[in-house]
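Please treat every number below as a calculation from the coordinates, not as lab data. Please read all numbers here as calculations on a predicted model, not as lab measurements. Methodologically, a virtual Cβ is constructed for each residue, glycine included, from the backbone with ideal geometry; neighbour enumeration extends over all protein chains shown.
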Amino acid sequence: MSSTPWILDASDEPTSTGVPHGKLGIWVFLASEVMLFGSLISSYIVLRLGSTHFIVPPHEFLSVPVAALNTFVLIISSVTMVMALASIQQDDRKGMIMYLIATILCGLIFLGVKTWEYPHKWHEGITIQSGLFGSFYFTMTGLHGLHVIGGIAFNLYILIQGIRGKWSSTHCQRVEYAGIYWHFVDLVWVVLFPLLYLL
Amino acid sequence: METTASHSPAGVHDVHPDLPFVRKYVFSTDHKVIGIQYMITSMLFLLSGFTMMLLMRWQIAYPGTPIPFIGKFLPETMAPGGVMLPEFYNQLGAMHGTIMVFLGVVPLGVAAFGNYVLPLQIGAKDMAFPFLNMLSYWVFLIGGVLMLSSFAMPGGAAQSGWTSYVPLADLAPPGQTMWLIAMTFIITSSLFGAINFIVTTLNLRAKGMTWMRLPFFVWCQFVTAVLLVLAFPVLQGGALLQLMDRVAHANFFIPANLIFGGAPVERPGGGNPLLWQHLFWFLAHPEVYVLLLPEFGIVAEIIANGTRKPLFGYKELVISACGIGVLSFVVWAHHMFLSGMRTDVTKFFTITTMIISIPSVMVLTCFLLSLRGGSIHFNLPMLFALAFLPLFGIGGLTGLPLGFTPTDIYLHDTYYVIGHFHYVVVTGSLIALFGGLYFWFPKMFGRHMNQRLGKIHFWISVTAMNGIFFPMLIQGMSGVLRRQFDPTAQIHNHPTLILNKVMTISALILALGQIVFIVNFFYSLFKGKEAQSNPWNATTLDWAACPSPPPHGNFTQDIAVHRGPYEYSVPNHKTDWSPQHVPDQQLVKS
């Protein structure tokens, strides 16, 4: 047991299932995240289909092309995240660092586009108070945005430790955990994009 | 799945320098210390929730009269001249429910006993994520303190009931915002704890500890953790929506054209208040089983030990626990039959509710049949476990009429419901938790609790609890509504008004009984009879394989498990208990 307490400590001890603690832990955590976003998404569906006051703004107000760009950016970032893990698994540390930087950049581009998009929506009269669509739009994308920030922070930690040479082909579980989390964040957006923009 | 790990030799991993006091007892990552921290904190919360209930009971039995002793210390905003205000009564009601469920019984059953006992029973040195475990406790404590401090908010604490029904809760004074924030902390803490329990049970079982050799307690904790991981985030989602409604003026739960306090609410609205009820009960019905399953586990351990024979139907118990876990996700809307639900929907939920009563009855039947042919030792934990069986039975059976729509529509929102769930949670869960406390106290502190004081505590508690909750069933059937500040206001309440005095006096007697317990707890902590490592002659690893209290790292030798958890009175064995970790050849009579 190392003296520094890490939240997801990768123990070298063999486990009963053969799967490391951290990996099981992150999957259980994601199960709870699925339920969290699931509750919001099902609330959205219930009110969208059930409330006569649910007014969906016309598509041109929603800046669909920009959101599509954002979707594309996040999917790219998932690919680069996979490449980062694949690189370190072949002990290619430089490649991992490069791909991690690309992943983080994609996350930042996503957030940057969002900071342009929010005031744009307010301009069009879509706010959290203006009606049910606005309430859902800002709550769901806001919560997802917080998750993106969390993912970027996680990736940044992996990057800094990577630059310091902490990861290798035999010791890269946390790179994988960061990847699992990042893919989940992307996946949520892939569900939110059609729900909030296209339908 | 059944391949179990071989741990590195004990001692290699446990080279710990002597930690400073703060790291050892305050910010500790040791599951035993965290378990005891949770235990003491949750018992304090239980006491505070109980005190709130005493204040409310005084108001119900003697409406409009000053509260004795405490009344004059309460500020003008709560009880001017010692006489309780209706708003304060509502705050007490909401906080009593919230504190008892989320800060009292669940942390005591899951976090305290689970943390302390589960790693010991599976032969683990600690939880899978010790740091996360510590974080879980501190986040929980922040949530609890925020929840209690919300009484100091302008307008007082949350007052829309522990269910926080909207749109009332959306437009309530700021105490409700504090409730939502505190709940976020509590949910986060329970998520950390549940992840830990699941991963620990999956990954840290000792060599030979297969799934069907796990003590029933571990099974119960495991299912509970799964419920917490999957159900609590849904309330978190609901709480987020309500928070947005309150803070950012969103419209999720605000219906169109809402009139509140005689004035129209200036919001576009269109939201659906019933949505909150669905989100809330999607958590809160599994939560009922979170309140119960760990206690089933505790009772199973005590009964097997106290009857000196294997538990009847171990496999059936495991199947029941898992069945309860799955079914608890599809029964939630039976809390909402009054909301004007379509009959085909109520049919579905009536049927699922009837189905879930089957595994619950299976558990109780297995416990009852376990008693048959045993040589019952009437020690203190066993008294509590035996009292659990009929009293939980009343709680469960009084629940059946609430699962059927025709009877539920009459009984819902009356005291019958209060009587029912208090029979489940107090005479069921809490009695089992007390039993667990008397059972594991020697393991936790190396000393026995005083038997005589314990028996006084037992008889006072069981009698007084029935004195409080049985009259509620009678009142409910005669139509007395719950959540009423002044029962004299309605004429149909008058025939049963006298029962309110019975209940209030019983509650005061119950309070006296708990003083006996508190005295016993501290007396035994320092002066109690010293305990051996296995004072109950139990078979599970927590008793048989480690000293009392266990050292850091728990076990002094390597653990390999050779048999099931409840091998008592095995023919041809030297003792009437056969510990899980001792090989056969050491046990067989020569």
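Just a few scattered comments:
- In this calculation the C-beta distance from residue B:339 to residue A:31 is compared with R0 = 25 Å, giving a FRET efficiency of 0.30.
- Hull volume in cubic angstrom per residue (convex hull over the Cα atoms of the range B:472-582): 227 Å³
- The helix-based estimate of mean residue ellipticity at 222 nm for chain A, built from -39,500 (n - 2.57) per DSSP H run of four or more residues and divided by its residue count, is -25000 deg cm²/dmol to the nearest 500.
- Annotation: amide H of residue B:480 within the under-5 Å range of B:415, sequence separation 5 or more or interchain, hydrogens built in the peptide plane.
- Estimated distance in nm for a label pair at residue A:91 and residue A:79, the labels positioned 7 Å out from Cα along Cα-to-Cβ: 2.9 nm
- When Rg and the Kirkwood Rh are both derived from Cα coordinates, the Rg/Rh ratio for the range B:239-310 amounts to 1.40.
- Each residue in B:267, B:452 was given a count of other beta-carbon atoms within 10 angstrom of its own, and listing them fewest first yields B:452, B:267.
- Residue B:447 long-range amide H proximity, modeled H, under 5 Å: B:531
- Backbone geometry of the range B:315-321 corresponds, through the Karplus equation with coefficients 6.51, -1.76 and 1.60 at θ = phi - 60°, to 3J(HN,Hα) couplings of 4, 4, 4, 5, 4, 4, 4 Hz, x marking Gly and Pro.
- Shielding score for B:253-260, defined as the mean number of other chain Cβ atoms within 10 Å: 2
- What the Cα atoms of the range B:341-446 give is an Rg and a Dmax of 17.1, 57 Å.
- Cβ-Cβ FRET estimate between residue B:377 and residue B:44, R0 fixed at 30 Å, reported to 0.05: 0.40
- Averaging 1/r over each pair of different alpha-carbon atoms in the range B:430-478 and inverting the result gives 12.5 Å, the Kirkwood hydrodynamic radius.
- By average C-beta atoms within 10 angstrom, highest first, the peptides A:47-58, B:195-206, B:389-400: B:195-206, B:389-400, A:47-58
- All distinct Cα pairs of the range A:92-199 go into the 1/r average, and the inverse of that average, the Kirkwood radius, is 15.4 Å.
- Theoretical ellipticity at 222 nm over chain B - DSSP helices of four or more residues, -39500 (n - 2.57) apiece, nearest 500: -19000 deg cm²/dmol
- Normalised by the number of residues in the range A:54-192, the average gap of Cα pairs under 8 Å and 6 or more apart makes the relative contact order 33 percent.
- Calculated on alpha-carbon atoms, Rg and Dmax of chain B in Å: 24.3, 87
- Relative to the globular-protein estimate of 2.2 N^0.38 Å, the Cα radius of gyration of the range B:373-529 stands at 1.21.
- Backbone HN-Hα couplings from phi across the range A:165-179 [Karplus 6.51/-1.76/1.60, Hz, Gly and Pro as x]: x, 7, 9, 8, 5, 8, 9, 9, 4, 5, 4, 5, 4, 4, x
- Per-residue shielding of A:43-55, expressed as the average number of other chain Cβ atoms within 10 Å of the residue Cβ, stands at 4.
- The Cα atoms of the range B:88-155 cover 50, 19, 9 Å along the three principal axes, with the biggest extent listed first.
- Label separation (residue B:322 vs residue B:152): 4.9 nm, computed from points 7 Å beyond Cα along the C-beta direction.
- Measuring how big the range B:72-229 is from its alpha-carbon positions, Rg and Dmax come out at 19.3, 66 Å.
- Sorted from greatest to least, the principal axis extents spanned by the alpha carbons of chain A come out as 57, 34, 25 Å.
- Alpha-carbon centroids, the range B:25-79 and the range A:132-199: separation in whole Å: 42 Å
- Counting only alpha carbon atoms, the long axis of helix A:132-163 and the longest principal axis of chain A meet at about 20°.
- Local electrostatic count, residue B:447, Cβ distance below 12 Å [Lys/Arg +1, Asp/Glu -1]: +2
- The mean sequence separation of alpha-carbon pairs under 8 Å and at least six residues apart, normalised by the residue count of chain B, gives a relative contact order of 15 percent.
- Relative to the longest principal axis of the Cα atoms of chain B, the long axis of helix B:86-98 lies at roughly 20 degrees.
- Straightening the chain between residue B:266 and residue B:87 buys 62.0 nm, computed as 0.36 nm per residue apart minus the Cα-Cα spacing.
- 54 Å tail of the calculated P(r), the protein assembly as shown, as % of Cα pairs: 13 percent
- Length released on extending from residue B:407 to residue B:466, taking residue separation times 0.36 nm less the Cα-Cα span: 18.9 nm
- Between helix B:130-149 and chain B: long-axis angle, C-alpha atoms, 0 to 90°, nearest 10: 30 degrees
- Within 10 Å of each Cβ in B:277-284, the average number of Cβ atoms from other chains: 2
- Model label sites at residue B:501 and residue B:347, defined 7 Å from Cα along the beta-carbon direction, differ in position by 5.0 nm.
- A cut-off under 13 angstrom between Cβ atoms defines the neighbours of residue B:249, and their net charge, with Lys, Arg +1 and Asp, Glu -1, is -1.
- You can think of it this way: the chain between residue B:355 and residue B:488 has 43.9 nm of extra reach, that is 0.36 nm per residue less the Cα-Cα gap.
- A simple count of charges around residue B:265, restricted to other residues whose Cβ falls under 15 Å of its Cβ and scoring Lys, Arg +1 and Asp, Glu -1, yields -1.
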